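Undergrad: Following this message is one structure expressed as structure tokens.
The values are calculated or read from the model by the stated rules, or taken from the named source; none is laboratory data. Worth saying up front: this structure is predicted, and the values here are computed from it rather than measured. Quick reminder, even Gly has a Cβ in these numbers, built from the backbone with ideal geometry, and neighbours come from all protein chains shown. These accessible areas exclude ligands, DNA and RNA; they are computed on the full protein's heavy atoms, side chains included. Shrake-Rupley method; radii C 1.70, N 1.55, O 1.52, S 1.80 Å.
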Amino acid sequence: MGRPVTLMTAQWGDLNLEELCKLAKEMGYDGLELFEGAHFDAKKAAADKAYADGIIATMDKHGLKTWALATHVLGQCVGDNYEPRIDGFAPSALAGKPEEIRAWAIDTMMAVPAAAKNLGVDVVTGFLGSPIWAYWYSFPATSDEMVDAGFKRVVDLWTPIFDEFDKHGVRFAFEVHPAEIAFDYYTWERLLKEFGGRKTLGLNYDPSHLIWQGVNPTIFLRDFIDRVYHVHMKDAAVRLDGKAGILGSFLTFGDNRRGWNFRSLGHGDVDFEDVIRELNAGGYRGPLSVEWEDSGMDRVYGGAEAAEFVRSIDFAPSDIAFDATMGNE
């Protein structure tokens with residue numbers, strides 16, 4: 001139906017913006033979901049309109065636009081409990097300094113909505129982090145009070161940031177994802193309630209993170225369609241062979257022994273026709289953003305194939321009932 005087909009740029013961070021724009025256009029994309037830290041600097045874009053205009057001009061030169069900005073690793077640093085892997089998301093000078101990392105992340109996230117307005121977008125995708133992800137398996141026993149405190153901590157940390165989003169008319173599209181405070185149906189449902197149904201917070205819908213957990217991506221989308229502010233097109237394949245478990249066995253992504261892996265679009269188990277039908281029924285007209293992750297496939301081949309796949313599956317809803325013309329009159 002002609003929704004914009006965009007490319008999430010996190011997995012292409014080794015290319016500068018000029019190089020990526022050229023390649024993305026050649027692969028068939030309409031635009032980019034720009035990843036903070038790799039393809040734009042939030043604080044600089046917020047403070048310097050000329051810098052933001054330069055990013056827009058670079059994309060315009062290649063016939064590309066942006067409808068959303070991505071702040072996933074930045075947001076993770078806001079709400080996470082510190083552990084050494086977080087060091088890779090923050091400036092190297094802050095390594096091993098948990099509170100300094102959090103302060104840097106909050107300060108930068110506060111600049112994101114102004115950056116978004118200067119870049120001409122009103123949706124920001126990302127993560128919130130989680131103080132309680134380590135408790136997901138209830139041994140040692142996880143008390144209700146511990147879970148309650150974790151949700152409250154996320155609300156306390158993010159409420160001032162969302163206040164800044166509201167000042168600029170920008171919405172935050174959260175990606176339900178393992179290692180986040182909301183990682184499945186019921187945790188997302190609870191998160192909405194914890195924020196009092198605040199409209200600032202919506203979804204960056206990504207079916208790949210649901211299907212391997214056993215959550216039906218179509219049912220999830222139908223029930224929360226009113227909160228879908230952005231869509232990631234990403235696939236995953238579950239291949240339980242009696243040896244590998246659903247938890248991944250500490251095998252790296254792409255290892256064929258894993259019980260599941262991310263796959264390039266159309267090569268996994270997500271029913272994207274059902275996804276499109278639900279988006280059509282719910283009136284979503286925004287971009288379909290390919291987050292390309294497949295360690296077993298050449299990324300340029302996969303990226304181009306993915307853009308073509310999205311266009312082939314993105315059909316328009318009907319404007320007439322199929323049996324409307326069967327009468328005598």
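Undergrad: Given the criteria among the aromatic types (Phe, Trp, Tyr) and either farther than 27 Å from Leu191 by Cα or open to solvent by less than 20 Å² (accessible area, probe 1.4 Å) (or both), does Phe262 qualify?
TA: On the way: among the aromatic types (Phe, Trp, Tyr): yes; either farther than 27 Å from Leu191 by Cα or open to solvent by less than 20 Å² (accessible area, probe 1.4 Å) (or both): no.
Judged against the criteria, Phe262 is not a match.
Undergrad: Right, next: Could you list, in sequence order, the residues of segment 99-122 that are β-branched (Val, Ile, Thr) and in a helix (DSSP H, G or I)? Spell out how you get there, then give the answer.
TA: So in segment 99-122, the residues β-branched (Val, Ile, Thr) come out as 101, 106, 108, 112, 121.
Hits for segment 99-122 are Ile101, Ile106, Thr108, Val112.
Undergrad: The conditions are (1) hydrophobic (A, V, I, L, M, F, W, C); (2) surrounded by fewer than 16 Cβ atoms within 10 Å (Cβ to Cβ); (3) not in a helix (DSSP H, G or I), and Ala38 fails exactly one of them. Which is it?
TA: Going through (1) hydrophobic (A, V, I, L, M, F, W, C); (2) surrounded by fewer than 16 Cβ atoms within 10 Å (Cβ to Cβ); (3) not in a helix (DSSP H, G or I) one by one, Ala38 breaks only (2).
Undergrad: Among the residues of segment 306-329, which ones are modelled with pLDDT of 95 or more and surrounded by fewer than 20 Cβ atoms within 10 Å (Cβ to Cβ)? Step through it out loud before you land on a result.
TA: Going through segment 306-329, the residues modelled with pLDDT of 95 or more turn out to be 306-314.
Of everything in segment 306-329, those that are modelled with pLDDT of 95 or more and surrounded by fewer than 20 Cβ atoms within 10 Å (Cβ to Cβ) turn out to be Glu308, Arg311, Ser312, Ile313, Asp314.
Undergrad: Restricting the search to segment 126-146, which residues are more than 20 Å from the chain's Cα centre (by Cα) and assigned to a helix (DSSP H, G or I)?
TA: Residues of segment 126-146 more than 20 Å from the chain's Cα centre (by Cα): 132, 134-146.
Of everything in segment 126-146, those that are more than 20 Å from the chain's Cα centre (by Cα) and assigned to a helix (DSSP H, G or I) turn out to be Ala134, Tyr135, Asp144, Glu145, Met146.
Undergrad: Looking only at segment 283-305, filter to residues that are in contact (Cβ under 8 Å) with a residue 60 or more places away in the chain, part of a helix (DSSP H, G or I) and open to solvent by 40 Å² or more (accessible area, probe 1.4 Å); which one of those is farthest from Ile219 (Cα to Cα)?
TA: Val300
Undergrad: Could you please let me know if Ala149 is within 27 Å of Glu291 (Cα to Cα), among the small types (Gly, Ala, Ser) and either out of contact with any Lys or Arg (no Cβ under 8 Å at 6 or more places or on another chain) or open to solvent by 30 Å² or more (accessible area, probe 1.4 Å) (or both)?
TA: Numbers: within 27 Å of Glu291 (Cα to Cα): no; among the small types (Gly, Ala, Ser): yes; either out of contact with any Lys or Arg (no Cβ under 8 Å at 6 or more places or on another chain) or open to solvent by 30 Å² or more (accessible area, probe 1.4 Å) (or both): yes.
The answer is no for Ala149.
Undergrad: Same structure, new question: Give the number of residues within segment 167-192 that are out of contact with any Lys or Arg (no Cβ under 9 Å at 6 or more places or on another chain) and open to solvent by 40 Å² or more (accessible area, probe 1.4 Å).
TA: Residues in segment 167-192 being out of contact with any Lys or Arg (no Cβ under 9 Å at 6 or more places or on another chain) and open to solvent by 40 Å² or more (accessible area, probe 1.4 Å): 7 in total.
Undergrad: Which of (1) more than 24 Å from Glu26 (Cβ to Cβ); (2) small (Gly, Ala, Ser); (3) touching a strand residue (DSSP E or B) at 6+ places or on another chain (Cβ under 6 Å) is the odd one out, the single condition Ser289 does not satisfy?
TA: Condition not satisfied by Ser289: (1).
Undergrad: Something else: If the requirement is being in contact with a Gly (Cβ under 9 Å, 6 or more places away or on another chain), closer than 26 Å to Ala24 by Cα and buried (at least 20 other Cβ atoms within 10 Å of the Cβ), which of these qualifies: Gly126, Gly79? Reasoning before the result, please.
TA: Working: Gly79 fails: closer than 26 Å to Ala24 by Cα.
So the residue among Gly126, Gly79 that is in contact with a Gly (Cβ under 9 Å, 6 or more places away or on another chain), closer than 26 Å to Ala24 by Cα and buried (at least 20 other Cβ atoms within 10 Å of the Cβ) is Gly126.
Undergrad: How many residues, within segment 49-68, are open to solvent by less than 60 Å² (accessible area, probe 1.4 Å), touching a residue at least 24 places away in the same chain (Cβ under 8 Å) and more than 23 Å from Gly126 (Cα to Cα)?
TA: 3
For every residue, the table says whether it meets (1) assigned to a helix (DSSP H, G or I); (2) of a type in the set (A, V, I, L, M, F, W, C); (3) touching a Ser or Thr at 6+ places or on another chain (Cβ under 8 Å).
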| site | (1), (2), (3) |
| --- | --- |
| Ala50 | yes, yes, no |
| Asp60 | yes, no, no |
| Trp67 | no, yes, yes |
| Leu74 | yes, yes, yes |
| Asn81 | no, no, yes |
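Undergrad: Another question about this same structure. Pairs under 6 Å by beta carbon, first residue under 12 Å from Gly75 (Cβ atoms) in segment 99-112, partner open to solvent by less than 30 Å² (accessible area, probe 1.4 Å) and hydroxyl-bearing (Ser, Thr, Tyr), six or more apart or different chains?
TA: Short answer, once both residue conditions are applied: Val112/Thr71.
Undergrad: Which number in (1) surrounded by 17 or more Cβ atoms within 10 Å (Cβ to Cβ); (2) within 25 Å of Val124 (Cα to Cα); (3) over 18 Å from the mean Cα position of the chain (by Cα) marks the one condition that Phe224 misses?
TA: Condition (3) is where Phe224 drops out.
Undergrad: Please go through segment 12-33 and give me each residue that is surrounded by 15 or more Cβ atoms within 10 Å (Cβ to Cβ) and acidic (Asp, Glu), ordered by number.
TA: Result: Asp30, Glu33.
Undergrad: List the helices (runs of 4 or more DSSP H) that sit entirely inside segment 147-249 and contain at least 1 residues that are touching a residue at least 40 places away in the same chain (Cβ under 8 Å) and over 24 Å from Arg3 (Cβ atoms).
TA: On the way: elements: 185-194, 208-211, 217-223.
Here the list reads 185-194.
Undergrad: Here's a follow-up. Filter segment 201-221 for residues that are open to solvent by 10 Å² or more (accessible area, probe 1.4 Å) and either touching a Gly at 6+ places or on another chain (Cβ under 9 Å) or not aliphatic (A, V, I, L, M) (or both) and give the result. If you could, list the steps in order and put the result at the bottom.
TA: Our first condition is that a residue be open to solvent by 10 Å² or more (accessible area, probe 1.4 Å); within segment 201-221, this holds for 211-219.
Passing the criteria: Ile211, Trp212, Gln213, Gly214, Asn216, Pro217, Thr218.
Undergrad: Going by the structure shown, is Ala93 under 18 Å from the mean Cα position of the chain (by Cα) and either among the aliphatic types (A, V, I, L, M) or not in a loop (DSSP other than H, G, I, E, B) (or both)? Steps first, please.
TA: Values: under 18 Å from the mean Cα position of the chain (by Cα): no; either among the aliphatic types (A, V, I, L, M) or not in a loop (DSSP other than H, G, I, E, B) (or both): yes.
When the stated conditions are applied, Ala93 does not pass them.
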